[in-house]
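The values are calculated or read from the model by the stated rules, or taken from the named source; none is laboratory data. What you see is a predicted model, and the numbers here were worked out from it, not measured in a lab. Virtual Cβ from ideal backbone geometry, glycine too; neighbours counted across all protein chains shown.
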């Protein structure tokens with residue numbers, strides 16, 4: 001039986017995203033993948049926490065996909081994380097809702113790969129996504145890895161091809 005996979009899309013303006021759309025378009029339409037666009041689901045920013053928690057509970061694997069903004073997740077996605085991954089449900093004594101679930105991270109950056117080198121800004125993409133990775137590990141989830149599409153302002157077939165294998169691996 002194939003795993004049910006959920007993409008929690010934390011892009012505040014997905015309709016104008018070339019890079020995140022390019023990644024999602026790599027997925028086979030027959031795959032058992034659901035895209036949950038939180039900005040579309042909650043345009044007023046008022047998150048239905050119980051609905052979100054039930055959604056997460058109903059999937060085997062969760063991919064957190066977002067653009068990297070200023071070496072961090074977008075503010076609206078951070079609010080979602082803070083409100084949905086609650087004490088007593090996601091972590092803390094007796095909290096097992098996400099324990100054993102598989103998860104991965106997919107992100108896009110506006111800058112080219114060269115910016116995410118220790119000699120440039122001093123941080124790799126691994127360091128930038130570490131808060132998301134650490135948060136989900138803290139919830140008892142199993143980290144599968146990440147995928148990155150750099151230079152989102154100038155997406156090319158070549159740049160998408162470079163990110164393709166690591167992205168699709170998150171869904172295998």
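Can you find, within the range 32-62, the residue that is nearest to residue 101 (Cα to Cα) among those that are touching a strand residue (DSSP E or B) at 6+ places or on another chain (Cβ under 7 Å) and not in a strand (DSSP E or B)? Once the filter is applied, the top-ranked residue is 60. Scanning the range 150-172 for residues that are in a loop (DSSP other than H, G, I, E, B), on the phi < 0 side of the Ramachandran plot and more than 12 Å from the chain's Cα centre (by Cα) yields 150, 155, 156, 171, 172. Among what's in the range 63-96 and is without any contact (Cβ under 8 Å) to a residue 24 or more places away in the chain and part of a helix (DSSP H, G or I), pick the residue that is surrounded by the most Cβ atoms within 10 Å (Cβ to Cβ). Ranking the candidates gives 78 first. Among the criteria (1) closer than 17 Å to residue 141 by Cβ; (2) surrounded by fewer than 20 Cβ atoms within 10 Å (Cβ to Cβ); (3) modelled with pLDDT of 95 or more, the one residue 7 does not fulfil is (2).
Kindly indicate whether any position in the range 136-149 is touching a strand residue (DSSP E or B) at 6+ places or on another chain (Cβ under 8 Å), without any contact (Cβ under 8 Å) to a residue 60 or more places away in the chain and in a helix (DSSP H, G or I). Looking through the range 136-149, at least one residue is touching a strand residue (DSSP E or B) at 6+ places or on another chain (Cβ under 8 Å), without any contact (Cβ under 8 Å) to a residue 60 or more places away in the chain and in a helix (DSSP H, G or I). Only one of the listed residues (100, 75, 92) is out of contact with any helix residue (DSSP H, G or I) (no Cβ under 7 Å at 6 or more places or on another chain) and under 23 Å from residue 152 (Cα atoms). That residue is 75. Only one of the numbered conditions (1) free of Cβ contacts under 8 Å to residues at least 12 places away in the same chain; (2) loosely packed, with under 13 Cβ neighbours inside 10 Å; (3) within 21 Å of residue 70 (Cα to Cα) is violated by residue 165, and that is (3). Within the range 1-54, the residues that satisfy the criterion of being out of contact with any helix residue (DSSP H, G or I) (no Cβ under 9 Å at 6 or more places or on another chain), touching a residue at least 60 places away in the same chain (Cβ under 8 Å) and under 30 Å from residue 88 (Cβ atoms) are 3, 5.
Residue 124 meets each of the listed conditions (1) touching a helix residue (DSSP H, G or I) at 6+ places or on another chain (Cβ under 7 Å); (2) under 17 Å from residue 24 (Cα atoms) apart from (2).
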